[in-house]
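The values are calculated or read from the model by the stated rules, or taken from the named source; none is laboratory data. If you're wondering where the values come from, they're calculated on a predicted model, not measured in any experiment. Cβ: placed from backbone, ideal geometry, glycine included. Neighbour counts: every protein chain shown. Ligands, DNA and RNA are stripped out before the accessible areas are found, and what is left, the full protein with its side chains, is counted by its heavy atoms. Shrake-Rupley method; radii C 1.70, N 1.55, O 1.52, S 1.80 Å.
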Amino acid sequence: MKTVYHAANSRGNADHGWLKSRHTFSFAHYYDPTRVHFGALRVINDDFVEGGMGFGTHPHDNMEIISIPLSGDLAHKDSMGNGSVIRHGDIQVMSAGTGITHSEMNPNPDKPVQFLQIWVFPNKRDVEPRYQQITIANTQKPNDFQQILSPNPEDEGVWIHQDAWFSLAKFDKGVTKNYVLHNASNGVYAFVIKGNANIGGIELNQRDGLGLWDTDSIDIIATSDAEVLLMEVPMAVE
């Protein structure tokens, strides 16, 4: 098994006043040639947006964009006519495909919103843009993996144009679980949202990240109460 470790405090930092963001991979003005992507996983941005502020209308194309709110609310509007609010316990995906514009705003003037924005390279270019939003809190599995994303529309969670599987897990201290990859040629990027966990024999703290590949399964031990996001993606990107 091969690994790459990214400590929380090693991430890129952007402070625009209304927006505070930490970048696991190179993004905007932050560039590190050793941290451009992990296989098909291109962006993990840990965003904090002040009340009433947000990202005005801007374009995307040929990228799968996933938003996972951690606290607060996030209002979405796009050029396909979608308008909605996502909250903690929801997940949103937007396949930008041939091109789309959208905005993401904090609709609450007195309450910040914190969310993860994740980009994945698609396995098909120039697809028809699409939007999907679901509530994942209803299917939460205590001390187990909860699939929240896959390549299959009929599976649990949202789906994207990539052979990728995302799972959330909330573990009590001391719980040990083994994650088996759907495809042994894939890799897994583990991101610790809360708490501490030993993943693949490496101790991780809150907001640390760890990429693992050349393995068909991964052991996870919660060394405190912990919430972990696992992102299984192809390591080869065309």
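Computed values, structure above
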{"quantity": "Only listed residue being touching a Leu at 6+ places or on another chain (Cβ under 8 Å), of a type in the set (Asp, Glu) and farther than 19 Å from Asn143 by Cα, chosen from Asp216, Asp208", "calculated": "Asp216"}
{"quantity": "Qualifying residue in the range 154-174 (condition: over 16 Å from Lys141 (Cβ atoms), touching an Asp or Glu at 6+ places or on another chain (Cβ under 7 Å), surrounded by fewer than 21 Cβ atoms within 10 Å (Cβ to Cβ) and of a type in the set (S, T, N, Q))", "calculated": "no"}
{"quantity": "Selection status of Phe25, among the aromatic types (Phe, Trp, Tyr), part of a loop (DSSP other than H, G, I, E, B), crowded, with 16+ Cβ neighbours inside 10 Å and in contact with a strand residue (DSSP E or B) (Cβ under 8 Å, 6 or more places away or on another chain)", "calculated": "yes"}
{"quantity": "Residue match in the range 192-214 (condition: outside any strand (DSSP E or B), closer than 30 Å to Pro59 by Cβ and hydrophobic (A, V, I, L, M, F, W, C))", "calculated": "no"}
{"quantity": "Residue match in the range 210-228 (condition: within 16 Å of the chain's Cα centre (by Cα) and of a type in the set (S, T, N, Q))", "calculated": "no"}
{"quantity": "Failed item, numbered, when Val36 is tested on (1) open to solvent by less than 20 Å² (accessible area, probe 1.4 Å); (2) assigned to a loop (DSSP other than H, G, I, E, B)", "calculated": "(1)"}
{"quantity": "Test: residue in the range 185-193 that is among the polar types (S, T, N, Q), out of contact with any Ser or Thr (no Cβ under 8 Å at 6 or more places or on another chain) and farther than 18 Å from Lys2 by Cβ", "calculated": "no"}
{"quantity": "Residues (among the acidic types (Asp, Glu) and surrounded by fewer than 17 Cβ atoms within 10 Å (Cβ to Cβ)) located in the range 217-238", "calculated": "Asp219, Asp225, Glu238"}
{"quantity": "Hits in the range 125-145 (condition: more than 30 Å from Gly174 (Cα to Cα), open to solvent by less than 60 Å² (accessible area, probe 1.4 Å) and not aromatic (Phe, Trp, Tyr))", "calculated": "Val127, Pro129, Arg130, Gln132, Ile134"}
{"quantity": "Selection count where residues are under 23 Å from Asp126 (Cα atoms), of a type outside the set (D, E, K, R) and modelled with pLDDT of 95 or more, scope the range 17-64", "calculated": "11"}
{"quantity": "All positions within the range 1-16 that are open to solvent by less than 40 Å² (accessible area, probe 1.4 Å) and either at pLDDT below 95 or assigned to a strand (DSSP E or B) (or both)", "calculated": "His6, Gly12, Ala14"}
{"quantity": "Count of the range 69-117 residues which are part of a loop (DSSP other than H, G, I, E, B), surrounded by fewer than 19 Cβ atoms within 10 Å (Cβ to Cβ) and aliphatic (A, V, I, L, M)", "calculated": "1"}
